[in-house]
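Reading through the structure tokens given below for one structure.
The values are calculated or read from the model by the stated rules, or taken from the named source; none is laboratory data. Here the structure is a predicted model, which means the values were calculated and not measured. FYI the Cβ positions are ideal-geometry reconstructions off the backbone, even for glycines, and counts take in every protein chain you see. Just so you know, the surface numbers come from the protein's heavy atoms only, side chains and all, with ligands and any DNA or RNA stripped out. Shrake-Rupley method; radii C 1.70, N 1.55, O 1.52, S 1.80 Å.
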Amino acid sequence: MRPFILVLAMLSLLAPGMLHAQRADLPPVEKVNEALDNHPTVMAAAARVEVARARGDMLYKGTHEAVIAGSYIRRSVDREGGYDEFDATLSRPFRLPGKAALDRESGALGVEVAENQMEDARHQAALVLTGLWHDWLTAGSHYRNDLDTVRSLEAALTALRRRVQLRDASALDLDQASAALAQAQAQAAASLSAREQARVILVATFPEIPLPPEPAELALPELPPQKLETMRTLVIERSHEIRAADREAQRLAVVARRVRADRIADPSFGVRLFSERSGMERGAGVVASIPLGGGYRRAAASQASAEANAARLELANIQRSVAAIADADLSNARTRLEAWRSAQASAQSASDAAGRTERGYQLGQIDLVDLLYARRQANDARQSEIDARSEASRALLKLQIDSHSIWVPDGDHD
């Protein structure tokens, strides 16, 4: 048992990306993490975390500061002369018991809200990355397929020209084959344009990820190690959007309690020194003051309570929204995978039919029109298979991202 325990201990030290293997056609995990951490929306959210921490420090310290006030008066009295008089007061308001604790709790919850919003911004950036990445991979697979079709038609056209010279084929056949080649070349040019457009958008959006000259072949969809139903549950359990809304609802509830407590205003205490009649009268004393709350503080408490209630309702709405996303992710992963399997079978059948048609054409039993039609059907079936493969891969990867099973910071799997 000891060697087994040692192996587990060594595996626990490995990067999470090594324990959660990803598809071979995806960018390296370390580059993905770098790109997501440096995305402007994530960095802006990180800056807002610092804002929340500073606000928490402000609430911890409080707005109550010492106030010093003073006055100087030159008094003139008939038949007595003039006198210099002055007074100085140093006072400071104090939070009533319980208010400071509510302020500290509110500040801590505000930091949690900002941190979860930052993680949700990172999650949204990951969804943008997977969309752009699959656009590039899909366009590259389409271009390779179209290029193979062009090369096949070029070879067939070369052979057909030779047959026309030998009077074994008609000029009409040559025109039809030339038209098919031109159409295939136009389609390949459009695919190349789509591939390059997807590339420049990807590079501009995530410059930290180095791209090879050509995209990798779109990998076959594979079920992740975890069950799809388990990942659907994790979408809800690990949702930073729900956590942020929950902490915000808690924060506003604390704020409402704090505002209600503030209906009894904080008192101020201080000392006063004075000198009158040019120092003939001197004194020192204690001063105290407290504002008398009125309709404004009552209205502020009502507003804070309404905001807390609205936050609770917003939390319920976000919980429903995330649950709907989880259900849609699960359904989409299943149906897209089945659609790809059907498209794969269709593409294989169309390819076999095109192969048999070509052999029949070589034996002189099938016309060129039928051969071109069979090839066009096979090409369309391959195009459909690529699109279905791409959609299935997108759906499975989105479920992994939404469940925080891939492309997450260290420790976020918990």
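Figures for the structure shown
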| item | result |
| --- | --- |
| Rounded to the nearest 10 Å², the accessible area of residue 342 at probe 1.4 Å | 80 Å² |
| Gain in span if fully extended, residue 155 to residue 197, counting 0.36 nm per residue against the direct Cα distance | 12.2 nm |
| Neighbourhood charge, 9 Å Cβ-Cβ cut-off, centred on residue 180 and excluding it, Lys, Arg +1 and Asp, Glu -1 | +2 |
| Within straight-line cross-link reach of residue 61, lysines at Cα separation under 28 Å, skipping those fewer than 8 residues along the same chain | 99 |
| Dipole magnitude of segment 29-403 about its Cα centre (Cβ charges: Lys, Arg +1; Asp, Glu -1), debye to nearest 20 | 920 debye |
| Virtual spin-label span in nm between residue 359 and residue 328, 7 Å along Cα→Cβ | 4.8 nm |
| Mean separation of Cα contacts under 8 Å (6+ apart) over length of the chain, as relative contact order % | 23 percent |
| Separation of alpha-carbon centers, segment 174-200 and segment 64-104, rounded to whole Å | 85 Å |
| Accessible solvent surface per residue of the chain, calculated while the other protein chains remain in place, 1.4 angstrom probe, Å² | 57 Å² |
| Spatial separation of Cα centroids for segment 244-267 and segment 376-405, in angstrom | 49 Å |
| Efficiency of FRET between residue 186 and residue 71 - r from beta-carbon atoms, R0 51 angstrom, step 0.05 | 0.05 |
| Segment 219-347, relative contact order [Cα under 8 Å, separation at least 6], % | 35 percent |
| Euclidean distance of C-alpha centroids, segment 116-161 and segment 318-364, integer Å | 16 Å |
| Sulfur and carbon atoms: percent of accessible area, the chain [1.4 Å] | 56 percent |
| Signed unit charges on C-beta, dipole axis of segment 294-347, positive-most listed residue 332, 310, 295 | 295 |
| Residue 338/residue 55 FRET efficiency (R0 51 Å; Cβ-Cβ; nearest 0.05) | 0.55 |
| Directionally averaged shadow of the chain, computed from the convex hull of its alpha-carbon atoms, nm² | 37.6 nm² |
| Theoretical gain in end-to-end length, residue 349 to residue 376 [0.36 nm per residue, Cα-Cα removed] | 8.4 nm |
